[in-house]
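First the structure, in the form of structure tokens, and then the observations on it.
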Number of protein chains: 2
Amino acid sequence: MPKKALSPQIKSLPDYIRGLSSLTDNIKPISLFDGVSEDTLKNLLTNSMVTITEQDREIVRQGDEVNYLYFIIEGSIRILRSNPDGDEATNNLLQDGETFMEAVIFMGGMSPVRATAIKNSKLLLIPARVIRRLVLQDGQLGHNLLRIISTHQKEAWQQLDSIVTKKPAERLGYYVLKLLIEQSPDTVDIELPFKKTLIANYLGMKPETFSRALNKLKTVGVGVDHEHIILRDFFSLCHFCDSDTAFACPRHGTSGCSSRACHG
Amino acid sequence: MPKKALSPQIKSLPDYIRGLSSLTDNIKPISLFDGVSEDTLKNLLTNSMVTITEQDREIVRQGDEVNYLYFIIEGSIRILRSNPDGDEATNNLLQDGETFMEAVIFMGGMSPVRATAIKNSKLLLIPARVIRRLVLQDGQLGHNLLRIISTHQKEAWQQLDSIVTKKPAERLGYYVLKLLIEQSPDTVDIELPFKKTLIANYLGMKPETFSRALNKLKTVGVGVDHEHIILRDFFSLCHFCDSDTAFACPRHGTSGCSSRACHG
DNA sequence: CGGTTCCTTGACGCATATCAATCTGTGTGG
DNA sequence: CCACACAGATTGATATGCGTCAAGGAACCG
């Protein structure tokens, strides 16, 4: 276990900024930079750093003081808690365009969670004090931040509910349904964005149980081929829908939709 | 199951305000109003309503549009999610001086959680639009809000971690330890603030399991008498400590402390 | 005193964790 | 190109811990 502080390759960014600001236009649901003034954006970027973090490196440790808000330019990050016995609970799995530690920098005290890189990742580190200052100046930034944090809160609530009230197969079905809606509701081919072991942990089950849950889904028209989930038809996952997902589902209410949320 | 919309007794508050503002000084850890300007406070209160909500009434339903931030003047509130089968998962249990729905009003869309009154409660309803407006004007208010939401996020993370990695008795021990620290670290008598059934659900277990978990704790020096938890000594709960609680514990590091967080 | 609600205790069954073996795909070196 | 090693995934057998069901007890209230 590495005791020394992490020291990833850090490049400061005189020329990087332009590449980035054009990059931010491409990524789908970037919330942090949405609609902020040119001024704020410039201010944010000039005060930030870009770092490359290699796979499995620990970016934030449990108990660390957190001085940055992390924006994922490219890569995958896992937010988790672990105890002395080595048991781990995954709080979140994040990808390009998402942020992390945005809530932690407002908590005061040390970080209650760890953050590790699932694969080689490129991160933008925005100093916490810059965020705190700019939030007061640019209301849009503050609003974005509140939306991001609130959305993460919502996800945590859903995750908890899933684990407490649903059986493994239902949990997995619910997860795949959310993937479908956010990825592309117009296909029957869904790609698992992370290793199955990781997703299993995120869903609060063991890899073996995850595998068996996948098998159960086959009986309701949800096939599997490696990291691809193939649906028999668009409505195979409707059984796992709840009022949250129904709201986000473009197909909700159309003929064929058999969401249980209707009767909830 | 009551189908009709909730319609609690609503009094508007020309004269109530003064009583309230002196009241807020007494409640222990009020975060929402901490350090906000007189101006903001007045603005907040004159635009808000006080309602009395009787026990078991549903204040916010899953799927409702939420138009208020709720401040608990007095009472107890349960935040939960439930599914069509009637299974319920408790996301939070709140008391005097705490707020709820503060994150929901920034999520956009409908509420992913329900809120019910555990007992007769007096609530301050602050319109969401007022909050959104004042947040931009008074940085202190925005900061308070961010702290509250972030703290709730932290609690959700801890709760999830507990349920996934800990056994029932450990979960309960961890919960009681947190009660001890926040209530009064200088006593060996801790009072359970809610019905055992409710706490059981919050901890993700059945009442029977909760009861058996209490029995297990007796073997490590944690006795029970109705709603009172009596410790053999100040350090009976140290076994359940983690780095989060260690940070908040005034006795951490003193002789007698045997926190596992030291070796984590 | 009888009724209700909440908690506790006991007996039982099942679902998931655990342990162990096999399989698949991938990358590496001869 | 094949042999080998390795990680991740799958499958099977077993065990155990929690949920479930059922009964009894304790406090509260009319």
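Computed from the coordinates by the stated procedures, all read-outs in this text should not be read as laboratory data. Being a predicted model, the structure only gives us computed values, none of them experimental. So basically every Cβ, Gly included, is an ideal-geometry build from the backbone, and we count neighbours across all protein chains shown.
Table for the structure above
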{"item": "Qualifying residue in region B:200-207 (condition: within 16 Å of DNA strand D (Cβ to nearest atom) and away from chain A (no Cβ under 14 Å))", "result": "yes"}
{"item": "Unmet requirement for B:L124, which otherwise passes all of (1) at the interface with chain A (Cβ under 7 Å from one of its Cβ atoms); (2) in contact (Cβ under 8 Å) with a residue 12 or more places away in the chain", "result": "(1)"}
{"item": "Top-ranked residue in region A:221-235 [being in contact (Cβ under 8 Å) with a residue 24 or more places away in the chain and more than 13 Å from DNA strand D (Cβ to nearest atom); ranked as surrounded by the most Cβ atoms within 10 Å (Cβ to Cβ)]", "result": "A:L231"}
{"item": "Qualifying residue in region A:158-175 (condition: free of Cβ contacts under 8 Å to residues at least 60 places away in the same chain, of a type in the set (S, T, Y) and in contact with a strand residue (DSSP E or B) (Cβ under 6 Å, 6 or more places away or on another chain))", "result": "yes"}
{"item": "Selection within region A:112-141 - hydroxyl-bearing (S, T, Y) and surrounded by fewer than 23 Cβ atoms within 10 Å (Cβ to Cβ)", "result": "A:T116"}
{"item": "Scope region A:196-211; condition in a loop (DSSP other than H, G, I, E, B), surrounded by 15 or more Cβ atoms within 10 Å (Cβ to Cβ) and not small (G, A, S); matching residues", "result": "A:L203, A:M205"}
{"item": "Among (1) within 12 Å of another protein chain (Cβ to nearest Cβ); (2) surrounded by fewer than 21 Cβ atoms within 10 Å (Cβ to Cβ) - the single one A:Q95 does not satisfy", "result": "(1)"}
{"item": "Meets criteria (within 14 Å of another protein chain (Cβ to nearest Cβ) and either part of a helix (DSSP H, G or I) or in contact with a Ser or Thr (Cβ under 8 Å, 6 or more places away or on another chain) (or both)) for B:N144", "result": "yes"}
{"item": "Criterion: in contact with a strand residue (DSSP E or B) (Cβ under 7 Å, 6 or more places away or on another chain), more than 27 Å from B:K196 (Cβ to Cβ) and touching a residue at least 24 places away in the same chain (Cβ under 8 Å) - qualifying residue of B:T90, B:T51, B:T46", "result": "B:T51"}
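Residue by residue, here is whether (1) part of a helix (DSSP H, G or I); (2) over 17 Å from the mean Cα position of the chain (by Cα); (3) at negative phi holds:
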| position | (1), (2), (3) |
| --- | --- |
| B:L136 | yes, yes, yes |
| B:I148 | yes, no, yes |
| B:A169 | yes, yes, yes |
| B:L177 | yes, no, yes |
| B:F194 | no, no, yes |
| B:A213 | yes, yes, yes |
